[in-house]
């Protein structure tokens with residue numbers, strides 16, 4: 001496996017979200033990529049995706065032909081063990097992509113998680129990304145079986161369908177246990193030393209709450225990086241000084257300003273009648 005990554009920069013850590021993420025995960029991903037010599041790209045641009053869950057595959061498709069491998073990581077996921085590399089997740093010969101299975105200790109489960117995956121670059125990876133984007137979720141929902149878990153109305157369902165029904169991809173995926181690179185907050189609380197990658201899932205408020213718990217468990221700031229690693233990443237500057245330079249415009253205020261402008265224009269229209 002080490003021979004495959006003779007040039008680590010040919011593996012891209014790819015992440016992002018549109019609209020941009022509220023988490024400081026990009027700092028975490030950047031520090032991890034820098035440590036191992038991987039390329040890091042964070043995306044926050046509109047893709048035109050009509051289903052927000054498909055946005056990641058538009059990002060993947062944009063870069064996948066440039067790299068030998070792409071490791072996608074959701075914006076609400078963080079590397080906890082920064083010293084561990086990704087070579088064990090590289091698909092074996094004949095496989096295209098590595099996913100994690102869903103946690104098995106929950107009532108609600110999914111067949112796999114697309115929150116993180118490692119996929120081969122080049123034409124084969126691009127073909128898979130295009131297939132996910134082009135798959136009709138209406139057709140997938142009609143085909144769906146109860147034993148496949150929850151239908152999530154997104155990219156995960158398209159992936160499961162392709163792995164079962166498309167001859168090109170029926171034997172394309174390696175599925176790891178969820179603890180391999182998709183651990184949850186309960187794993188951090190119970191087996192902190194075993195967590196490689198931590199993923200916050202569920203409703204927005206639960207993600208925020210779990211993120212707070214993780215900061216307390218790890219005694220870190222919002223990037224979930226140790227203070228020395230974060231300081232090195234920021235060139236010795238403090239987190240507070242860096243964040244204070246970020247533009248802060250409340251979305252709520254923007255909406256209120258916009259609605260006030262619209263009301264003023266409407267009043268002008270009605271007055272002219």
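Given 108, 133, which one is out of contact with any strand residue (DSSP E or B) (no Cβ under 9 Å at 6 or more places or on another chain) and not in a strand (DSSP E or B)? Give the derivation first.
On the way: 108 fails: out of contact with any strand residue (DSSP E or B) (no Cβ under 9 Å at 6 or more places or on another chain).
From the options 108, 133, the qualifying one is 133.
Give the number of residues within the range 138-152 that are outside any helix (DSSP H, G or I) and either without any contact (Cβ under 8 Å) to a residue 40 or more places away in the chain or over 20 Å from residue 101 (Cβ atoms) (or both). Before the answer, list the steps.
First, pick out the residues of the range 138-152 that are outside any helix (DSSP H, G or I): 144-145, 149-152.
Remaining after also requiring either without any contact (Cβ under 8 Å) to a residue 40 or more places away in the chain or over 20 Å from residue 101 (Cβ atoms) (or both): 144-145, 151.
Result for the range 138-152: 3.
Count, please, the residues in the range 57-90 that happen to be in contact (Cβ under 8 Å) with a residue 24 or more places away in the chain and more than 15 Å from residue 26 (Cβ to Cβ). Outline the logic, then answer.
Restricting attention to the range 57-90, the residues satisfying the condition of being in contact (Cβ under 8 Å) with a residue 24 or more places away in the chain are 57-61, 63-90.
Imposing the further condition that a residue be more than 15 Å from residue 26 (Cβ to Cβ) reduces the set to 57-58, 60-61, 63-70, 80-81, 83-90.
Total meeting the criteria: 22.
I'd like to verify a number: residues in the range 59-75 that are touching a strand residue (DSSP E or B) at 6+ places or on another chain (Cβ under 9 Å), part of a helix (DSSP H, G or I) and more than 17 Å from residue 99 (Cα to Cα), how many?
Total meeting the criteria: 3.
Kindly provide the set of residues from the range 43-54 that are crowded, with 18+ Cβ neighbours inside 10 Å and over 23 Å from residue 211 (Cα atoms), ordered by number.
Filtering the range 43-54 down to residues crowded, with 18+ Cβ neighbours inside 10 Å leaves 43, 47, 54.
Listed by number, the residues that qualify are 47, 54.
Is it fair to say residue 169 is modelled with pLDDT of 95 or more and closer than 21 Å to residue 65 by Cα?
Numbers: modelled with pLDDT of 95 or more: yes; closer than 21 Å to residue 65 by Cα: yes.
Yes, satisfied.
Only one of 29, 40 is touching a helix residue (DSSP H, G or I) at 6+ places or on another chain (Cβ under 8 Å) and either surrounded by 14 or more Cβ atoms within 10 Å (Cβ to Cβ) or more than 22 Å from residue 212 (Cβ to Cβ) (or both); which?
On the way: 29 fails: touching a helix residue (DSSP H, G or I) at 6+ places or on another chain (Cβ under 8 Å).
Answer to the check: 40.
I need a count of the residues in the range 198-235 that are farther than 22 Å from residue 84 by Cα and buried (at least 16 other Cβ atoms within 10 Å of the Cβ). Reasoning before the result, please.
First, pick out the residues of the range 198-235 that are farther than 22 Å from residue 84 by Cα: 201-210, 212-213, 216, 235.
Among the residues that remain, those that are also buried (at least 16 other Cβ atoms within 10 Å of the Cβ) are: 201, 207, 210.
Residues in the range 198-235 being farther than 22 Å from residue 84 by Cα and buried (at least 16 other Cβ atoms within 10 Å of the Cβ): 3 in total.
Tell me yes or no: at least one residue of the range 243-254 is outside any loop (DSSP other than H, G, I, E, B), over 27 Å from the mean Cα position of the chain (by Cα) and at pLDDT below 55. I'd like the intermediate steps shown before the answer.
First, pick out the residues of the range 243-254 that are outside any loop (DSSP other than H, G, I, E, B): 243-244, 251-254.
Applying the additional criterion that residues be over 27 Å from the mean Cα position of the chain (by Cα) yields 253-254.
This time we only want the ones that are at pLDDT below 55, so: 253-254.
Yes, the range 243-254 contains a residue that is outside any loop (DSSP other than H, G, I, E, B), over 27 Å from the mean Cα position of the chain (by Cα) and at pLDDT below 55.
Those residues that are without any contact (Cβ under 8 Å) to a residue 40 or more places away in the chain and part of a helix (DSSP H, G or I), I need them from the range 9-41; list them, please.
Answer for the range 9-41, where residues must be without any contact (Cβ under 8 Å) to a residue 40 or more places away in the chain and part of a helix (DSSP H, G or I): 9, 33.
The values are calculated or read from the model by the stated rules, or taken from the named source; none is laboratory data. Note that this is a predicted model, so its numbers are computed, not measured. Every residue, glycine among them, receives a Cβ derived from its backbone with ideal geometry; neighbour counts consider all protein chains shown.
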